[in-house]
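Enquirer: Would you mind keeping the following structure in view while I ask a few things?
The values are calculated or read from the model by the stated rules, or taken from the named source; none is laboratory data. What you are looking at is a predicted structure, and each value in this text was computed from that prediction instead of being measured. Cβ placement follows ideal geometry from the backbone for every residue including glycine, while neighbour counts extend to all protein chains displayed.
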Amino acid sequence: MTYVIPEIGVSYDLEYYEKYKAGIRVTFSPNDRKFNVKADSRIPQKKVHEFMMSKAPLFEKWLNKRDERTPITLPSDSRSPAFKKKLLDRCEELLKYYDGPRASQYKVSYSKSYWGRCTNEHVISISAYCSYLTDDQLFYVLVHEHAHLIHMHHKPAFWNLVELYCPNYKNLRSELKGYTLN
Ligand SMILES: [Zn+2]
C-alpha cells in the first residue's frame, strides 16, 4: 500500500513482514523521491503512519540534501589529449605543495563514481570531473590518493597523513559530497 506524508509531499510504500526483527525499517530511493517502509506485521498501520509523520522533519532534511547537490557535466572536448594534459598539468602544479612519495603513473579517468583512485601498482587516476574543482578541492583529492601510496585503507593513520597536507580536509570532503557527477 502507498501512503502520503502531506507535510513534505512525499509518499511511501508499506510492506508487512511476519516476525520482522527490525520492527520498522525505512529506506529512501532518491531518484523517485519515494520512501519504502518494511514493518513487522504485528505493528498496526496507524502506528507505522504515526512513526513516519514523526520523522517528517528528518525526511525533509534528506530530500533537501539531495536537491542542494550541484550537478556537474563534462565539456564536449573532455576526451581530447589537450583536455587531459591541462588537467594533469594542473595536478602537477598543485603537487609542488606535496613532498611525499609519487605515483608510478598518472591517468585521467571518466568514472562517475570516484574523484581519484590509486591502484596497488601505484597508478593514480584522476577523474576528468576534477577539472571543475577549486585548487583546494583538487589538492585534497591528490593528497588523498597519494596517501594511499602509503596506506591502502581509510584507517586513522591514513587520515592523519591526509591532515598533515590538508588541515581542512574534512570541509573539503564535504564540499565534494555536494556534487553529483552526470
Ligand atoms: Zn581513499
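Enquirer: Consider residue 83 carefully, then state whether it is in contact (Cβ under 8 Å) with a residue 12 or more places away in the chain, crowded, with 18+ Cβ neighbours inside 10 Å and not in a loop (DSSP other than H, G, I, E, B).
Expert: Values: in contact (Cβ under 8 Å) with a residue 12 or more places away in the chain: yes; crowded, with 18+ Cβ neighbours inside 10 Å: no; not in a loop (DSSP other than H, G, I, E, B): yes.
Here the answer is no, as residue 83 does not meet what is asked.
Enquirer: Still on this model: Looking only at segment 133-151, filter to residues that are over 17 Å from the mean Cα position of the chain (by Cα), of a type outside the set (A, V, I, L, M) and in a helix (DSSP H, G or I); which one of those is nearest to the ligand (Cβ to nearest atom)?
Expert: 146
Enquirer: If you check every pair at least six apart or on different chains, which have Cβ atoms under 6 Å apart with a residue in segment 56-78 that is over 22 Å from residue 128 (Cα atoms) first and a residue that is of a type in the set (Asp, Glu) and surrounded by fewer than 12 Cβ atoms within 10 Å (Cβ to Cβ) second?
Expert: Within 6 Å, the pairs are 56/7.
Enquirer: Still on this structure, please answer the following. Which residue pairs have Cβ atoms under 6 Å apart, sit 6 or more places apart or on different chains, and have a first residue in segment 115-126 that is touching a residue at least 60 places away in the same chain (Cβ under 8 Å) and a second that is within 12 Å of the ligand (Cβ to nearest atom) and of a type in the set (Val, Ile, Thr)?
Expert: Between residues of segment 115-126 that are touching a residue at least 60 places away in the same chain (Cβ under 8 Å) and residues that are within 12 Å of the ligand (Cβ to nearest atom) and of a type in the set (Val, Ile, Thr), the close pairs are 115/141.
Enquirer: It is to be established whether one or more residues within segment 99-108 are within 16 Å of the ligand (Cβ to nearest atom) and under 30 Å from residue 27 (Cα atoms).
Expert: No, that holds for no residue.
Conditions tested, residue by residue: (1) within 14 Å of the ligand (Cβ to nearest atom); (2) closer than 29 Å to residue 73 by Cβ; (3) surrounded by 14 or more Cβ atoms within 10 Å (Cβ to Cβ).
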| position | (1), (2), (3) |
| --- | --- |
| 124 | yes, yes, yes |
| 127 | yes, yes, yes |
| 131 | no, yes, yes |
| 158 | yes, no, yes |
| 177 | yes, yes, no |
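Enquirer: Right, here's the next one. Pick from 139, 158: which is touching a His at 6+ places or on another chain (Cβ under 6 Å) and at pLDDT 95 or above? Spell out how you get there, then give the answer.
Expert: Values: 139 fails: touching a His at 6+ places or on another chain (Cβ under 6 Å).
Of 139, 158, the one residue that is touching a His at 6+ places or on another chain (Cβ under 6 Å) and at pLDDT 95 or above is 158.
Enquirer: Checking residue 53 against (1) more than 30 Å from residue 176 (Cβ to Cβ); (2) free of Cβ contacts under 8 Å to residues at least 40 places away in the same chain: exactly one of these is not met. Which one?
Expert: (2)
Enquirer: Go through segment 42-72 and give me each residue that's exposed (fewer than 11 other Cβ atoms within 10 Å of the Cβ) and part of a loop (DSSP other than H, G, I, E, B).
Expert: Selection gives 44 alone.
Enquirer: Turning to a different aspect of this structure: Would you call residue 154 outside any helix (DSSP H, G or I), within 30 Å of residue 62 (Cβ to Cβ) and either more than 15 Å from the ligand (Cβ to nearest atom) or without any contact (Cβ under 8 Å) to a residue 60 or more places away in the chain (or both)? Before you say what the answer is, go through the steps one by one.
Expert: Working: outside any helix (DSSP H, G or I): yes; within 30 Å of residue 62 (Cβ to Cβ): yes; either more than 15 Å from the ligand (Cβ to nearest atom) or without any contact (Cβ under 8 Å) to a residue 60 or more places away in the chain (or both): yes.
So residue 154 passes the test.
Enquirer: How about segment 1-41: which of its residues are surrounded by fewer than 11 Cβ atoms within 10 Å (Cβ to Cβ), under 28 Å from the mean Cα position of the chain (by Cα) and part of a helix (DSSP H, G or I)?
Expert: Matches in segment 1-41: 31, 32.
Enquirer: Now a separate question. Regarding residue 94, is this residue part of a loop (DSSP other than H, G, I, E, B), at negative phi, outside the structural domain of residue 29 (by TED's automatic domain parsing) and of a type in the set (A, V, I, L, M, F, W, C)? Break it down into steps so the answer makes sense when it comes.
Expert: Working: part of a loop (DSSP other than H, G, I, E, B): no; at negative phi: yes; outside the structural domain of residue 29 (by TED's automatic domain parsing): yes; of a type in the set (A, V, I, L, M, F, W, C): yes.
In short, no.
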